[in-house]
Amino acid sequence: MENSSHTKSCTGSLSTATPLCSRDGGSRTGRHAVAGWFALAALLTLSAGAAHGQAEAPPNILLFMADDMTFSDAGALGNPAVHTPNLDRLAAAGSTFTHMFTATAMCSPTRHMLYNGLYPVRSGAYPNHARAYEGTRSVAHYLGSLGYRVGLAGKLHIGPESVYPFERISNNLDYDLIEEFISRDPGQPFALVIASMEPHLPWNRGDPSRYDAASLTLLPYFVDTPETREALTRYYAEITFMDDQLGRVLNLLDRHDQDENTLTLFYTEQGMGAPFAKWTLYDAGVRGSLVARWTGRIPAGQTSAALLQVNDLLPTWIEVAGGQPAPEIEGESMLDVLLNARSEHREVVYGIQTSVGIVSNLEPYPIRSIRNDRYKLIWNLAHENRFTNIITEDNNGGFFESWQDRAATEAHARALVERYQHRPEFEFYDLQADPHELTNLADLPEHEERIGDLRALLEAWMEDQGDEGLATENEALQRQGR
């Protein structure tokens, strides 16, 4: 299950309606990997790396990843109430990218997408607790072929091991072992993922007493109950706890003189385990923030709102390492965006939520979305069903139960509880005027053409991915590894 206790172990342009080129001249279904392409990819990566390696030694790459952290919940990311001095320090020395989207707001599919560069249905890793198709290549293969040591410390939540042959440093953040990995061989570049397990529910790490529940500013889609406010103090405390973890890793880089020759990244992952965030395709669920520091290469103190998708990181790392991204990778290298804090990258980003297989799901509830820099279309394919998960059925340290109690006497609470669990087939939002996605414009005639255009792009992407909507949702258990 989704870590219910705090042991916490655990393509061509996609902005057009034209399907991506296939590997065999036909339509790509995403069901099978082709070994010949993997061999070709390795050859391309090695040859390109050799050519680039003559000019400049590649940097180390370090990614520190949070676990269920809403994109704005840090001092440097827009929420001054949250104490994050180490992340703030990293952001001041680098650039912040405020619109890094996962395709699905769940831990396992997001990590698969990050490490293999593919969208969830393509790789087979679209439900939570998923496993990718055998033969899929990942960052460990691509960067390993370029001479990198590729390691991971902390949360894994992916499989099978043949697809993700990381050097497994530790199940938790063992700083002695992390230091050994960083300092082992200064002559060989490393790529290291530090996967924290915070601030994943149930929010029991850190010191909540440093946060005053009564003074917190609540999001407009939250019901103001004492339970909501108290839970947020625990959630913020766990972010502060995680920030201390980040600080210890940054200090290790500094201690071994690796801070300047390391592309250091911080990624929030998907949104917090709360209504309208994790397990949804609202921005509070799928939108993340990325902070990037590379001394002398990435400008300091800059912010970019370029539309990015998390599978863009893998081809970026390959390019940084001196290689050429393999043809099967669906992400688009964002190296130029990093180096110049550019404000443009993708025209649209895509979303897919699979509810079958998550804890306490009672009915299939497949969701798809497409978003550009202003508008978002959400398609609830089984909207007649009730949206359920561990928040709605088990509470699990959250606060939705207090909303349900308040809904008996308060219209605002009743409307939010209803909206979270029962939605129309289509939702359409003007994110410029309505960043919290509170007002559905799907039935307004003036948006009919915009909705039609976005839906055509979304359906073309689904077809190319081999995504059959409800049928794909109902097959989700076959792709789980537990």
Task: CD proxy at 222 nm, helix term only [per DSSP H run n ≥ 4: -39500 (n - 2.57); per residue of the chain; nearest 500] - done: -9500 deg cm²/dmol
- [ ] Can you check how the C-alpha radius of gyration of the range 352-479 compares to 2.2 N^0.38 Å, as a plain ratio?
- [x] 1.15
Task: Order by protection proxy (mean Cβ within 10 Å, highest first), peptides 363-373, 220-230 - done: 363-373, 220-230
Open item on the list: Let me spell out the model: positive unit charges on the Cβ of Lys and Arg, negative unit charges on the Cβ of Asp and Glu, origin at the Cα centre of the chain. What dipole size does that give, in debye rounded to 20?
Closed with: 760 debye
Open item on the list: Please give me the summed charge of the neighbours of ILE451: other residues whose Cβ is under 14 Å from its Cβ, Lys and Arg +1, Asp and Glu -1.
Closed with: -3
Task: Environment charge of PRO189, counting only residues whose C-beta is closer than 12 Å and scoring Lys/Arg +1, Asp/Glu -1 - done: 0
Task: Residues whose placed amide H lies under 5 Å from that of GLN309, excluding near-sequence neighbours - done: PHE101
- [ ] For the chain, evaluate the Debye formula with one uniform point scatterer on each Cα (no solvent term) and list log10 I(q)/I(0) at q = 0.08, 0.13 Å⁻¹, rounded to two decimals.
- [x] -0.44, -1.26
TODO: Work out the FRET efficiency for LEU219 and THR295 from their Cβ-Cβ distance, taking R0 = 56 Å, and round it to the nearest 0.05.
DONE: 0.95
Task: Vicinal HN-Hα couplings computed from phi for the range 182-187 (Karplus, 6.51 cos²θ - 1.76 cosθ + 1.60; Hz; Gly/Pro x) - done: 5, 9, 4, 9, x, x
TODO: Send over the Kirkwood Rh of the range 298-339, from the inverse of the averaged 1/r over different Cα pairs, rounded to one decimal Å.
DONE: 10.9 Å
Open item on the list: For SER215, SER95, which order do you get if you count the other beta carbons within 10 Å of each Cβ and list the fewest first?
Closed with: SER215, SER95
Task: Electrostatic dipole magnitude of the range 352-479 [Cβ: Lys, Arg +1; Asp, Glu -1; Cα centre; debye, to 20] - done: 340 debye
- [ ] Sum up the charges of everything whose Cβ sits under 11 Å from the Cβ of SER72, counting Lys and Arg as +1 and Asp and Glu as -1, but leave SER72 out.
- [x] -1
Task: Cα centroid of the range 210-262 to Cα centroid of the range 418-482, whole Å - done: 31 Å
- [ ] Using the number of other C-beta atoms within 10 angstrom as an exposure proxy, rank VAL320, VAL356, VAL310 with the fewest first.
- [x] VAL356, VAL320, VAL310
TODO: Can you pull the one-decimal nm distance between simple spin-label points at ALA81 and GLU475, each 7 Å off the Cα toward Cβ?
DONE: 4.4 nm
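Rule-based calculations on the coordinates, nothing more; no lab input. Just so we're clear, the structure is a prediction, and the values are computed from it rather than from any experiment. Using ideal geometry, Cβ is built from the backbone for each residue, glycine included, and neighbour counts are taken over all protein chains shown.
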